[in-house]
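Written out below as structure tokens is the structure these notes cover.
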Amino acid sequence: MIYKKKEFLVDNIKTSVLAKKYATPLYCYSFKKLKQNILNFKKNFKSIKPMICFSVKSNPNKTLLSEIGKLGLGADVVSIGELMRSLKSGIKPNKIVFSGVGKTSNEIEYAVRKKILLINAESKSEILEIERIAKKNNRKVNIGIRLNPNTDAKTLSKISTGKKENKFGVNEKVFLDLVNYSKNSQNLKLKCISVHIGSQILDIDPYKKMLKVLEKIIEKSRYQFQFVDLGGGMGINYNNSKKRLSLKKYSILIKKFLKKQKCQIIFEPGRSIIGNSGILISKVIYIKESSKKDFVILDAAMNDFMRPALYNATHRIIPVKMSIKKSKKRYEFVGPICESTDKFAIFKNFQKLKEKDLVIILDVGAYGMSLSSNYNLRPKVTELLIKNSKIRIIGKRQKLKDLI
Ligand SMILES: *Cc1c(COP(=O)(O)O)cnc(C)c1O
């Protein structure tokens, strides 16, 4: 994905051509980038041979899931819908883990029948429910227990999950009680300790602390876990800043950790696999002048891409065609929805735009389409995949008539 002759291309295809042919707003993914991310992830963690379960909630597109499955990844799911879709996309049950604080009996029953690798339980009540269902089905079910390590992930507060005030996992005392309970159960097979401290983590320290907590608690439990599931959360570079998470360094820390614990590592990455492989192409509807800045009103809105409104996340926005003129403007990019939070970003020095110009919001592959909605009765948009210079529609734009 680069500019060539002043126009932004996705794997050699002009984004203006895509916009014209498929209309805007338009999500577009690069297979090349996706594959590169997966190979890079595998390469960095090569020495610890982890099992990599793609976090389906970051992007549940059927075609993407099946491509990700073909590239060797399993799935981390958080609902029966995601579980069914992962299976349908060809991901084998023995590569699927099920996370989440509120799995219903129905969801647990389905997971038990499909014999997935692990149900990662997050409370005593859930463990009792899994046990009840396992017993009813005359089965011994593989479970993990999610620990809340009380570790600050140093990320946006709204995507932090590993502090004691967060709803996720159980604290150390409950964890140890649940280990004792589970190992004596006829219908549970305790296999895993799991954690996931948050998302978009760029600092290695939280992971370091998390591993220390894990080490201590595994020792205390005196239980041999077959798996240690470290979750996901690896951050990506959204803003051209220098701060980056080194997967290599993380891998070295884990390698050390594994010297004491003989177990298999599981990862549940979402964003770091799919985040930078997707863009959102959008057209300027109006430019509205105001005293301190001009509003660029796009045809994409918070219903299409919610991260800025939901988490105050900032994403780069770039023009499809670079201007040769020097004039710069102060622009606030907003959508047409009747909410003040329906804004994407402010830039002080953006090239001068005209109405009908095209722009691109970058790095929207994760938590982009998956968080989209029909708010304001806006149809969900088209998704394209560019693979080997071929364009494929992998998500159809909803028809207005189906909404009304
Ligand atoms: C969301 C989530 C992930 C994925 O997080 P990323 O930041 O996208 O890597 C992994 N595990 C669990 C339990 C999650 O809730």
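The residue that is farthest from residue 4 (Cα to Cα), counting only those in the range 284-322 that are surrounded by 14 or more Cβ atoms within 10 Å (Cβ to Cβ) and free of Cβ contacts under 8 Å to residues at least 40 places away in the same chain, is 309. If the condition is being surrounded by fewer than 19 Cβ atoms within 10 Å (Cβ to Cβ) and in contact with a helix residue (DSSP H, G or I) (Cβ under 9 Å, 6 or more places away or on another chain), then the range 130-156 contributes 132, 136, 137, 139, 140, 150, 152, 154, 156.
Among the residues in the range 162-172, are any on the phi > 0 side of the Ramachandran plot, surrounded by 18 or more Cβ atoms within 10 Å (Cβ to Cβ) and within 20 Å of the chain's Cα centre (by Cα)? Full working, then the answer.
Restricting attention to the range 162-172, the residues satisfying the condition of being on the phi > 0 side of the Ramachandran plot are 169.
Next, from what is left, pick out any that are surrounded by 18 or more Cβ atoms within 10 Å (Cβ to Cβ): 169.
The next check asks that each one be within 20 Å of the chain's Cα centre (by Cα); those that pass are 169.
Checking the range 162-172: at least one residue is on the phi > 0 side of the Ramachandran plot, surrounded by 18 or more Cβ atoms within 10 Å (Cβ to Cβ) and within 20 Å of the chain's Cα centre (by Cα).
Considering (1) in contact (Cβ under 8 Å) with a residue 24 or more places away in the chain; (2) over 18 Å from the mean Cα position of the chain (by Cα), the lone condition that residue 43 does not fulfil carries the number (1).
The helices (runs of 4 or more DSSP H) found wholly in the range 1-89 and carrying at least 3 residues that are open to solvent by less than 20 Å² (accessible area, probe 1.4 Å), closer than 25 Å to residue 319 by Cα and not assigned by TED's automatic domain parsing to the domain that holds residue 230 occupy 15-22.
Restricted to the range 176-229, and to residues that are more than 30 Å from residue 241 (Cα to Cα), within 16 Å of the ligand (Cβ to nearest atom) and without any contact (Cβ under 8 Å) to a residue 60 or more places away in the chain, which residue is surrounded by the fewest Cβ atoms within 10 Å (Cβ to Cβ)? So the residue we want is 228. Number of residues in the range 105-129 that are more than 27 Å from the chain's Cα centre (by Cα) and open to solvent by less than 40 Å² (accessible area, probe 1.4 Å): the value is 0. Scanning the range 360-378 for any residue that is in the same structural domain as residue 7 (by TED's automatic domain parsing), closer than 19 Å to residue 286 by Cβ and among the hydrophobic types (A, V, I, L, M, F, W, C) turns up at least one such residue. Inside the range 145-164, residues that are out of contact with any strand residue (DSSP E or B) (no Cβ under 7 Å at 6 or more places or on another chain) and among the small types (Gly, Ala, Ser) make up a count of 1.
Only one entry in 133, 217 is farther than 22 Å from residue 265 by Cα and of a type in the set (A, V, I, L, M), namely 133. Just one of the listed residues (140, 167) is within 29 Å of residue 366 (Cα to Cα) and in contact (Cβ under 8 Å) with a residue 40 or more places away in the chain, and it is 167. The residues listed here are 255, 248, 259; of these, the one that is over 27 Å from residue 346 (Cα atoms), without any contact (Cβ under 8 Å) to a residue 12 or more places away in the chain and either assigned to a loop (DSSP other than H, G, I, E, B) or more than 16 Å from the ligand (Cβ to nearest atom) (or both) is 259.
The values are calculated or read from the model by the stated rules, or taken from the named source; none is laboratory data. Since the structure is predicted, the reported quantities are computational estimates derived from the model, not experimental observations. Heads up, the Cβs are rebuilt from the backbone with ideal geometry, glycines too, and the neighbour counts pull from every protein chain shown. Protein only, heavy atoms only, side chains kept; ligands, DNA and RNA dropped before computing areas. Shrake-Rupley method; radii C 1.70, N 1.55, O 1.52, S 1.80 Å.
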